[in-house]
1. Out of residues 5 or more away from Asp164 or on other chains, whose amide H comes under 5 Å of its own, with H placed 1.01 Å from N in the peptide plane?
2. If amide H atoms are built 1.01 Å from N in the plane of the peptide, which residues on other chains or at least 5 residues away come under 5 Å of the amide H of Arg63?
3. List the lysines whose Cα lies under 22 Å from the Cα of Lys90, skipping any in the same chain that are fewer than 8 positions away.
4. Within straight cross-link reach of Lys38, meaning Cα distance under 18 Å, which lysines are found once same-chain residues fewer than 8 apart are removed?
5. List the trypsin sites (Lys or Arg not before Pro) within region 95-144 that fall in a DSSP loop (any state other than H, G, I, E or B) and whose Cβ has at most 15 other Cβ atoms within 10 Å.
6. Determine by what factor the alpha-carbon radius of gyration of region 66-174 differs from 2.2 N^0.38 Å, reporting the quotient.
Amino acid sequence: MRNLTTLLILGVVAVVAAMGSMFIVNESQTAIVLNLGKIVRSNLQPGLHFKVPMVEEVRRFDRRILSLDDAPERYLTAEKKDVEIDFFVKWRISNVTTFYRAASGGDEEAAKARLTPIVKNALRNEINQLSLAAVVASGRSDLTGRLLKNINVGASTLGIEVLDVRIKKINLPQDSEILPSVFNRMRAERTRVANQLRAEGQQGAEGIRAEAERQRQVLLADAERDAQVQRGEGDGRAAEIGAAAYGQDAEFYAFYRSLEAYRQSLADGKTTMVLEPDSEFLRYFGKDSH
């Protein structure tokens, strides 16, 4: 009887352990497995999975398309007109490991809090380059395509992919009397930045030109030096070969040099030469030449 009780207890413990080692990831989810707080498996696909009971922990995340809808924000157009834009964003988790680490353990609200300034900065940069008429005309079409590319550069650091950005409403704010002070501050700031950038650019350009000129002079000097060395070696080698050829057979060497002279003189096929029949230049054209 005691053995039967022990077997039943062991069986119950085994069943509980087995149930604690299994978990299911739904179709709308992805998951990671943590071992004492460290990620050991990530991007788990839907289905049945196993883990070590009491040691490993499972965190599930929604892999469906999620929405971000924030309060309207004010922006300045290219002609410095104040507009109020209401927008929403469609996004999803693209890298669950990065998302977990960047969003406070994968908290969706924390991820939205970090994604919102990325979207607003990208939207601000675009609106600043457009006139009010262009914002109204392209706010729901062309603007979206340009925004996605810039937003996803920053969103990728959060493990997020932004799929769509839509502008719901574009309004002019009621308290437009604040615009003059905003314009003055922006004008002063942009003038300061422009002057600084021009000065830095001019300094950098002068440095680059000076370095390029120095490198050019060095390269020309090195090339001329190497060319002189090569020409000297070639001339010396040619003289050695000529002397050796002349020493082996002076008559053949003279004949060869005469042929070279004929080839160079008559190379174009149009040259006319008037010479005495017994000219040394025509030595090898004579009847007695061998």
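1. Here Lys90 satisfy the definition.
2. Gln29, Thr30
3. Lys112, Lys120, Lys149, Lys168, Lys169
4. Lys51
5. Values: sites: Arg101, Lys112, Arg114, Lys120, Arg124, Arg140; in loops: Arg140.
Those that pass, being in a loop and sparsely packed, are Arg140.
6. Values: Rg = 14.2 Å, N = 109, 2.2 N^0.38 = 13.1 Å.
Region 66-174 yields a ratio of 1.09.
Each value in this text was obtained by applying a stated rule to the coordinates, not by laboratory testing. Since we're looking at a predicted model, the values are computed, not measured. Glycine gets a Cβ as well: all are built from the backbone with ideal geometry, and neighbour counts include every protein chain shown.
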